[in-house]
Amino acid sequence: MSQTMSDALLLLAATGLPFAGAIVAGMLPTHARNTAAWLAGAIAIIGLGLVWAAYPTVAAGGVIRHSMAWMPSLGLDFTLRMDGFAWLFAGLVFGVGALVVLYARYYMSADDPVPRFFAFLLAFMGSMTGVVLSGNLIQLAFFWELTSLFSFLLIGYWHHTAAARDGARMALTITATGGLCLFAGVLLLGHIAGSYNLDVVLASGDKIREHALYLPALVLILMGALTKSAQFPFHFWLPHAMAAPTPVSAYLHSATLVKAGVFLMARLWPVLAGTDAWFWIVGSAGLATLLIGAYVAIFQNDLKGLLAYSTISHLGLITLLLGLNSELAMVAAIFHILNHAAFKASLFMAAGIIDHETGTRDLRRLSGLNRFMPFTTRLAMVAAAAMAGVPLMNGFISKEMFFAETLTAQGSVTFLLDILPFAAMVASAFAVAYSLRFIHGAFFGPDPVDLPHLPHEPPAWMRLPVEILALACIIIGLLPAATVGPYLNMAAHAALGAATPEYSLAVWHGFNTPLVMSLLALAAGVTLYFLLQPLFRNNIEGPPFISRLEGRRMFERSMVFLSWRLARTLEGLLGTRRLQPQLRLVVCVAILAAGWAVYRRGLGPGNLVPQGIDPVLALIWAIGAACALGAAWQAKFHRLAALILLGGTGLVTCVTFVWFSAPDLALTQLLVEIVTTILLLLGLRWLPKRLPGTGTSEVMRTGRRLRDLAIAITAGLGMAGLAFGVMTRFPPEILAQHFLERAYTEGGGTNVVNVILVDFRGFDTLGEIAVLGVVALTAYALLRRFRPAPDSVDVPEQQRDQSAYDIARPERREGDTVADWLLIPSVIARLLFPVVGMVALFLLLRGHDLPGGGFAAGLMGSIAMILQYMLGGTQWVEARLRVLPLRWMGLGLLLAAGTGLGALLFGRPFLTTYFAYANLPLIGEIPTASALLFDIGVFALVIGATMLTLIALARQSVRGHRAAAPRVPAASPPVAPAPVATNAPTGAPTAATGDD
């Protein structure tokens, strides 16, 4: 195997393996705790091995790349890229991930659905790997949002608690909003650079900084980075994310999620840094976060809360280093990212051990654990010493580099530069104070009393990850150049290139100013901690002076303002329970938007001479226009007549397609008309009656009608003019020539329309069927909670009369259904069911070469099912035929998306069709195309979406039937209730749509 191929497989496996493992873990039984842990651990270790296999290449200064065409016409490829900097972060993702998996195996309760936990964890691991290895800005933004989504699921894992739900919602709101800003920013950045490829962007630093759009792009990208890394003023979400299980906190808040923001700033440092705007925004946010986080951490009573605010502070330190516009500060930032991951993950795990073995994390209840948990105490002391910057620990070296950079920082903002050394010392003293509180408050002092559990050491395997990380803190602190020096140098050169400065990782640099600052900070921190003892003994709640500036309160007030006051105000101004005003508003906005565009760009007839109008076609269109006008006239009080007239308009459209030799469109239009008309007929029953308006004068009603007429005429004429302007500009043969010439040679089909849908525009079709599935789910969700209007609940009078007549018939047998009473239509419909199914299959299989296709076949199959439901009723049908609409929809999406992903495996763009002739025995050569699988997916989803809507309507029939039961004549014999089918979606009892 060539080196290029092996590198490509390495990157693909490292990115895709966690997602594959997440799918497998999600399918495991709830009690498969050990299996899920082994699976997650194996994937993390394999991922770490894959990363290590790439070391020789990246250590030599190489960059491993692999691109797969995704949407070549838009210049978008799925690109994976690993250099030394990405290698270091990928190693953190998998290395710390493996330790967290081992820790979680013993931390998580047997009562928890552990496979689901590991499924979320692996999916997050894959998302973070995607962020680190993305070689395309759009792709990076996609994985960025995936990290927000899966972190939401991990933080809210214990969703039965309000704290977990609130913390997850807050984290998702902040980080996903920042992600949207990031997406807008990378769009601007790609526009400036002329490409979204990361290599091109990184090579366009001067061009980007000199562009007029630099500042908007910078602000938007930093919004994404600062929100993800919990920087001021967005820092408040991180402490509330501590409601997650401790393994989640140890992973997300030490090595992955919150590091994504600083990773992005460091990744784009060569092209965005070096300006006053960068220094002001990044430096100010980092400085404020460094001080606020450290100060608030001192006064936290919850161990994880203390660690959360300390994480915020250390992230502020890294951000401040990145904001100094110094290459040496950039190196120090990368080094501290590595050090922070080691000591913070071990401290979170130690806090989890305390919580797991004692039943509490409250420092006001903990003390003296050293006598019960001596090994855990020593491990926590090592990690806390590294966090405080004690000499001979890894945190001390990067802290000295930080001090040195604050002394030599340069820039035009002299005031900020002057206070940097003092602020760094203050923050370091605060770090010593909160580290002392963590150790002294939990492990020393008198024996604890009234703890939920008797303290004791955890299982050895649960303590092993902490031991490994604590050992790393010591070894890196004693031998930094020998242990992490090569990796840091590799990452720095990958991030900075030729601008990488000279630096030293020696433990001793002499008795210099940074060392004096470190010693002063240590002494000040110890003194501060003992001076604050009276406050700690008084169980102080929150930090003094700024306790009222709680981010959560401000966030909740903002959410209340947005979701209640502002939304209510807009709802009062624009909202209505009636459909007509909503439709009027939508149409008016569309008119204004289109009118403004036409006004700015102009629109007139094109260079083509319009052809003459055939009088027969004109007559057909006149019939369609009359039907449309009649439907509008009858829509208010005669809905059935309006629906029939609308069907007439649809049939005219269908005839028009036939007239212009578009049989595919005609067939689809006809089937759509049938399905939608039947579903609307079934839904008409549940609409409230429309009564003539009261309380308003005839003049006002006439005025409203004239206003609506004017809007309708304007919109109609506007669409007609727009269509006329477009169709007179380009000869149809020129538009069609491209597809006519390539439909068979590249798509393998002679039905050009279908080839366009499943090949040339397959991505559009995939999006459309996904939207169709979402619409069906939305309709089901709305109808599931829908309560019919009181005047539509009772069985209609004509149906009651017919039912009473049928019941009184002497030949009627008890238990007969409507289908039994209507014998001939019922028998015909049942006999036609397989016939219609065969027709649907026929349309599906021939669609690539002749009129048909997955959408038309799906509609035909839906019609067959609807007929059975209407004549036999839901219970009768589902007692004999399993209907699983959600599975149909899921299978359809999987097939359609899987067809596209299959093309990537062969190095072709997403959803590229493979076409060949298969030689079958006795039959000979037959054409085969992978687009058939895509079409089958469309077919399955259309059937599933239609049936889900039908089942939602059937639910209303159950309610209506029950409500109307007292209206049945007293002499009627009781009818045994039919069994409710169990194959409908959860919470949706099915019912007969034809029995009422």
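FYI, it's all coordinate maths here, none of it is from the lab. In this text the structure is predicted, and so the values were computed from the model without any measurement. Note that each Cβ is placed from the backbone with ideal geometry, even for glycine, and that neighbours are counted across all protein chains shown.
Annotations for the structure displayed:
- Computed from the C-beta positions of Tyr599 and Thr778, the FRET efficiency with R₀ = 25 Å rounds to 0.10.
- Simple Cβ-charge dipole of the chain, Lys/Arg +1 and Asp/Glu -1, about Cα centre, in debye nearest 20: 2300
- Between 0 and 90°, nearest 10: helix 663-684 axis offset from the chain longest Cα axis: 90
- Set of segment 94-120 residues, backbone N closer than 18 Å to the point 7 Å along the Cα-Cβ line of Ala13: 94-95, 98
- With both labels modelled 7 Å from their Cα along Cα-to-Cβ, the Phe422 to Arg880 distance reads 8.9 nm.
- Rounded to the nearest 10 degrees, the inclination of helix 327-358 to the longest alpha-carbon principal axis of the chain is 80 degrees.
- Between segment 384-433 and segment 3-71, the alpha-carbon centres lie 37 Å apart.
- When you restrict to C-alpha pairs under 8 Å that are six or more residues apart and normalise by the size of the chain, the relative contact order lands at 9 percent.
- Estimated translational D of segment 548-667 in µm²/s (Stokes, Kirkwood radius over Cα pairs; 25 °C; 0.890 mPa s): 126
- Potential extension, Leu570-Arg165 segment - 0.36 nm per residue separation minus Cα distance: 143.0 nm
- For segment 315-456, alpha-carbon Rg and Dmax in angstrom: 17.9, 59
- Extension gain, Arg537 back to Leu684 (0.36 nm per residue minus Cα-Cα distance, nm): 45.9 nm
- Pairwise label distance in nanometres, Ala523 with Ile623, each label 7 Å out on the Cα-Cβ vector: 10.1
- Paramagnetic label zone (point 7 Å from Cα along Cα-to-C-beta, Thr513; backbone N under 15 Å) in segment 397-411: 400-411
- Computed over segment 863-942, the P(r) curve from all C-alpha pair distances, binned at 10 Å from the origin, holds 17, 29, 26, 20, 8, 0 percent per bin.
- A straight line joining the Cα centroids of segment 927-951 and segment 636-683 runs 21 Å.
- Mean-position separation - Cα centroids, segment 195-226 and segment 332-365, in angstrom: 35
- Ordering of 154-162, 495-503, 445-453, 126-134 by burial proxy (mean other Cβ atoms within 10 Å per residue, highest first): 126-134, 154-162, 495-503, 445-453
- On the basis of the beta-carbon distance and an R0 of 30 Å, Ala916 and Leu894 show a calculated FRET efficiency of 0.80.
- Kirkwood hydrodynamic radius of segment 255-394, from inverse mean 1/r over distinct Cα pairs, in Å: 16.1
- What the Cβ-Cβ distance of Leu841 and Gln582 gives, at R0 = 30 Å and to the nearest 0.05, is a FRET efficiency of 0.15.
- When the Cα positions of Trp38, Pro465, Gly624 are compared along the charge dipole of the chain, Gly624 comes out farthest toward the positive end, with charges on each C-beta of Lys, Arg, Asp and Glu.
- Packing-based ranking, highest mean first, of 767-775, 393-401, 715-723 given that Cβ atoms within 10 Å are counted: 393-401, 767-775, 715-723
- Where labels lie 7 Å past Cα in the beta-carbon direction, separation of Ile468 and Phe724 in nm: 7.4
- Candidates per chymotrypsin sites (Phe, Trp or Tyr not before Pro) in segment 838-937, loop by DSSP, up to 10 other Cβ within 10 Å: Phe906
- Segment 273-544 gives an Rg/Rh value of 0.99, both radii derived from C-alpha positions and Rh following Kirkwood.
- Counting beta carbons within 10 Å around each of Lys259, Lys207, Lys304 and listing the fewest first gives the order Lys207, Lys304, Lys259.
- Along its first, second and third principal axes, ordered by size, the chain spans 103, 76, 74 Å in Cα coordinates.
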